[in-house]
Amino acid sequence: MNKSNFSIIKVTGLEMNFNLRKILDNISFDIKNGERIGLVGYNGTGKTTLANILTGKLTPDKGFVEKSPELKIGYLTQSIDYEGSEFQQSLSSEGQILQHSSELGLKKVYEWEEKRLNHLSGGEKLKLALSNVWASKPGFLILDEPTNHLDFKGIEWLIEELEKFTGPVLIISHDRHFLDKTVTRIFEIVNTKLNFYTGNYSDYQKEKKHRTETQMHHFEVQQRKKEDIEMQMEQLTAWSDKAHRTSTKQGRDYGNKEYHRVKAKNRDKQVKSKMKRLQSELEKNKVEKPLEETKVKFQFDSKGNRGKRIIEAKGLTKSFEERSLFSGSHFYINHGERIGLLGENGSGKTTLIKMLLGETSISNGELWKSDSLKIAYLSQDVDNLPEDRTALEALGFTDRENILRARTLFANLGLKEQFITKPIGTLSLGERTRVKLVDMLMREYDVLILDEPTNHLDLPSREELEKTLSEFNGTIITVSHDYYFLNKLCDKLLVFDNQRIKRVEMKPEEYFQKEQTAEPAEKKETLMIIENRIATILGELSLIDQKNPKYNELDSEFNELLKQKRKLL
């Protein structure tokens, strides 16, 4: 038997309840060796709960999970709350973590002290956690939102590593691009049940649409049949009633009266028998109406009466102690543009956002903003909300009109009344993101700054957010590692590369294609130009004294050209 045909996990009759609410009901499936499965569904439907049951962190109320005692599960959780000391211990005990973290772009991580490890960005935490999981050499991988905070380079690395991994993988993700590239089977949790689809996320969307349309057709046929049956039942009931009325109108003639009474009784039996058959026919092969997709609606408002250029940078420079994020950068942003910020983790994207918000100073150069700008900012940090207050209390509105509007927005975002009246500390990350979104939507603004806006949002919410943002009249500046979201929304880029920020007049898809398909001849020509200039500088340096003011200028240009040459080689 082919090794890939073996089931490494078998789940039978799984049931899970929380606070008398059923989360999972009678779920059964098996996972074979080498399978790539995407687990999808709305936030709060039980995806992470199912993952925790598979790892043994939770015990189901009913049913059981069969797996080999020797099976080692590598589990990347959605919330990465590690302390610096935990990372430091891992780094000292697992040599392979260094290799994987280096491949993910974390250089010299072994030199980081606990103080540095206690102040990691979301991306750095995720990369170290992912390296830790990978280094444990698991036989089965469960990855819960693995691309949150990963830059595009990190996502591509993960896709390549998953191709090499021989064991099965279960991926909980709302990243459509990542699911399309990695999975060949979809598990969908809907209304406590598990539906199965073959293919990647795009295949799943097509098949789900086809199933829904087919089910709706059968439901409509059934409804027409039901109407016919109900009409027949009404007619039979009317005949039975008429027979009974006739039997009571026969005067004193007992024989005639008894005859009509027996006739009415027999008619009654016939009617009941017929109605029973019709009722049975109605219940047989009953088709339920397809569940309607939750309609998520975002409402934005922008007056849009601004001048054309709203932000401009000249020689913009930002450094932290001895580390330079970017320097000498020139760019501008016009009203109404959709700008995507592209760059590796740690290149300065979030720092630029903080500079635009006035939360971080510039080291050198200029950063001009129109004085009349009203900016709304959605950060990727959803843990800074007051955990002891409800969603409504956190917004701080006291007037009836704003409270009603906020309730409407929460409902449009799929947060029902029971969630908005619970303490924020009990809400999931996705539900907290919705609270922050509502807080943002309640205000009027000209510029939206979105830092990983789709993190923790389920797929329908992501798609609805894309549609709404495309209708927004103001300016959008966004950092996102959701390739589909970024490519659908943005038509201009600010690229963070080689410690510079440069404006690029193209969509992300065009930019990535250009980067991947750069002509070798063009690269060779660029190298030749750089090498010629290096030779010229070396000749000039050999002819002048180090005290000459021009010496430092030439030396600086020489070092910059060496960097460019190394990058091209």
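The values are calculated or read from the model by the stated rules, or taken from the named source; none is laboratory data. Computed from a prediction, not measured in an experiment: that's the story for all the values here. Every residue, glycine among them, receives a Cβ derived from its backbone with ideal geometry; neighbour counts consider all protein chains shown. The accessibility values were calculated without ligands, DNA or RNA, using every heavy atom of the protein model including side chains. Shrake-Rupley method; radii C 1.70, N 1.55, O 1.52, S 1.80 Å.
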Under the 0.36 nm per residue contour assumption, what length would be gained going from the current alpha-carbon distance of Ser372 and Lys137 to full extension?
79.1 nm
Accessible surface of the stretch 446-507, 1.4 Å probe, proportion on carbon and sulfur as whole %:
42 percent
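Ranked highest first by the average count of other Cβ atoms within 10 Å around their residues, in what order do 504-514, 323-333 fall?
In descending order of packing, they fall as 323-333, 504-514.
How would you order 202-211, 526-535, 482-491 from highest to lowest mean count of nearby Cβ atoms within 10 Å?
Going by the mean number of other Cβ atoms within 10 Å, highest first, we get 482-491, 202-211, 526-535.
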Between Leu561 and Ser363, what is 0.36 nm times their sequence separation minus the Cα-Cα distance? Round to one decimal in nm.
68.9 nm
Where only protein heavy atoms count, and the probe is 1.4 Å, what is the accessible area per residue for the stretch 178-222 in Å²?
55 Å²
Length-normalised contact order of the stretch 462-508 in % [C-alpha pairs under 8 Å, at least 6 apart]
29 percent
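If you take every residue apart from Val438 with its C-beta less than 10 Å away from the C-beta of Val438, what net charge results, scoring Lys and Arg +1 and Asp and Glu -1?
+3
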Sorted by mean Cβ packing within 10 Å, highest first, what order do the peptides 21-34, 447-460, 135-148 take?
447-460, 135-148, 21-34
Using alpha carbon centers only, the stretch 436-490 is separated from the stretch 316-340 by a whole-angstrom value of 21 Å
Measuring with a 1.4 Å probe in the full set of protein chains, what accessible area per residue, in whole Å², belongs to the stretch 323-431?
50 Å²
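Contour minus end-to-end for Arg407 and Lys265, with contour as 0.36 nm per residue of separation and end-to-end as the Cα-Cα distance?
Working it through step by step, the gained length comes to 45.3 nm.
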Between the stretch 385-413 and the stretch 30-60, what is the C-alpha centre distance in whole Å?
32 Å
